[in-house]
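Structure record follows, encoded as structure tokens.
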Amino acid sequence: MKKYLAEMFGTMVLVLMGCGAAVSLNCGGDTASVVGTAMAFGLAVVAMAYAIGGISGCHINPAITLGCWVSGRINCKDALCYMLFQVIGAFIGSAILFALVATSPDAALGTTTGANACQANVSIATGLIAEIVLTCIFVLVVLGATDANKGAGNFAGLAIGLSLILIHFVGIHYTGTSVNPARSIAPAVFEGGAALQQLWIFIVGPFVGALLAAGIWKLIGSECKCCCKKEE
């Protein structure tokens, strides 16, 4: 149960800090707001990686959990419980943010939740492709950085957080960048409208991207058993 609670807390922090920055900075209004929001999401991941990584592995993202399950790094029961508690944590983070905005509306420059939706002049197809590709890249970084034999060791959390910042730089002007179903589900429920109508994009896209990442990592990251024997 401790690792499930750790996932809940970590996801709560990610949503509160990341979406909170998007709301406070009016993300998308100018370049500085995009940079600030991207850094908030990435730094939240770095902070949680070193806070709860030793307890749960700090997935705080159902797409990462799916990629780890398909890769054989977590069993089915834990994967399902991780996802459940991640969504619960996201709702807690969104509820706190919604309460802050509701009680001090003048302090929020953007939306009240930081929810995801395809931006103006961005088609559903484009948004879906963006979420698939960006999630694939992100989950691939996670699988590589945390690999027991080839990973980045104590620097894994930093590598993952920095990659999330980079992904936000690319994706914010298309979808607001999700690459995380839990991060999208809770804010969409609070915001409604287009965010709720398009929510399927931010569930299907990240899950498809995670499956692709797991397949790619299996192809390029698995040990070669036929031709890589060391000479005796």
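The values are calculated or read from the model by the stated rules, or taken from the named source; none is laboratory data. Everything numeric here is computed off the predicted structure, so don't read it as measured data. Note that we place each Cβ from the backbone using ideal geometry, even for glycine, and neighbour counts take in every protein chain shown.
Which members of region 190-206 meet the condition of being in a helix (DSSP H, G or I) and surrounded by fewer than 18 Cβ atoms within 10 Å (Cβ to Cβ)? If the condition is that a residue be in a helix (DSSP H, G or I) and surrounded by fewer than 18 Cβ atoms within 10 Å (Cβ to Cβ), then GLY193, ALA194, LEU196, GLN197, VAL204 are the ones that fit.
Conditions (1) closer than 17 Å to CYS68 by Cα; (2) of a type outside the set (A, V, I, L, M), marked per residue:
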site: VAL189; (1), (2): no, no
site: LEU199; (1), (2): no, no
site: PRO206; (1), (2): yes, yes
site: ALA214; (1), (2): yes, no
site: TRP217; (1), (2): yes, yes
site: GLY221; (1), (2): yes, yes
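Close Cβ contacts (under 6 Å, 6 or more residues apart or on different chains) running from residues in region 1-21 that are more than 18 Å from CYS76 (Cα to Cα) to residues that are part of a loop (DSSP other than H, G, I, E, B) comprise GLY10/CYS58; GLY10/ILE60; THR11/ILE60; LEU14/ILE60; CYS19/GLY114.
Considering only region 49-69, state which residues are of a type in the set (Val, Ile, Thr), buried (at least 19 other Cβ atoms within 10 Å of the Cβ) and at negative phi.
The first filter runs over region 49-69 and keeps only residues of a type in the set (Val, Ile, Thr), leaving 52, 55, 60, 64-65.
Within this subset, residues satisfying the condition of being buried (at least 19 other Cβ atoms within 10 Å of the Cβ) are 52, 60, 64-65.
Those that are of a type in the set (Val, Ile, Thr), buried (at least 19 other Cβ atoms within 10 Å of the Cβ) and at negative phi: ILE52, ILE64, THR65.
Test ALA47 against the criterion of being closer than 23 Å to ALA159 by Cβ, more than 13 Å from the chain's Cα centre (by Cα) and either assigned to a helix (DSSP H, G or I) or among the β-branched types (Val, Ile, Thr) (or both), and give yes or no. Yes. If the condition is being out of contact with any Leu (no Cβ under 7 Å at 6 or more places or on another chain) and in a helix (DSSP H, G or I), then region 26-44 contributes THR31, ALA32, VAL34, VAL35, ALA38, MET39, ALA40, LEU43.
Residues that are aliphatic (A, V, I, L, M), surrounded by fewer than 22 Cβ atoms within 10 Å (Cβ to Cβ) and closer than 24 Å to LYS2 by Cβ: does region 103-118 have at least one? Explain how you work it out, then say what you get.
Taking region 103-118 first, the residues aliphatic (A, V, I, L, M) are 107-109, 115, 117.
Within this subset, residues satisfying the condition of being surrounded by fewer than 22 Cβ atoms within 10 Å (Cβ to Cβ) are 107-109.
Checking which are closer than 24 Å to LYS2 by Cβ leaves us with none.
Checked region 103-118: no residue is aliphatic (A, V, I, L, M), surrounded by fewer than 22 Cβ atoms within 10 Å (Cβ to Cβ) and closer than 24 Å to LYS2 by Cβ.
Residue count for region 70-86 under the criterion of being over 14 Å from SER56 (Cβ atoms) and surrounded by 19 or more Cβ atoms within 10 Å (Cβ to Cβ): the result is 2.
Please tell me if ASN121 is closer than 18 Å to THR177 by Cα, over 17 Å from the mean Cα position of the chain (by Cα) and among the polar types (S, T, N, Q). Judged against the criteria, ASN121 is a match. When THR175, THR126, THR135 are screened for being surrounded by 20 or more Cβ atoms within 10 Å (Cβ to Cβ), among the hydroxyl-bearing types (Ser, Thr, Tyr) and either modelled with pLDDT under 95 or more than 28 Å from SER222 (Cα to Cα) (or both), only THR175 passes.
Which residue is modelled with the highest pLDDT, if the candidates are limited to region 152-162 and must be at negative phi and surrounded by fewer than 16 Cβ atoms within 10 Å (Cβ to Cβ)? So that I can check it myself, show each step before the final result.
Let us first name the residues in region 152-162 that are at negative phi, namely 152, 154-162.
Among the residues that remain, those that are also surrounded by fewer than 16 Cβ atoms within 10 Å (Cβ to Cβ) are: 152, 154-155.
Details: ALA152: 80, ASN154: 90, PHE155: 94.
Here the residue is PHE155.
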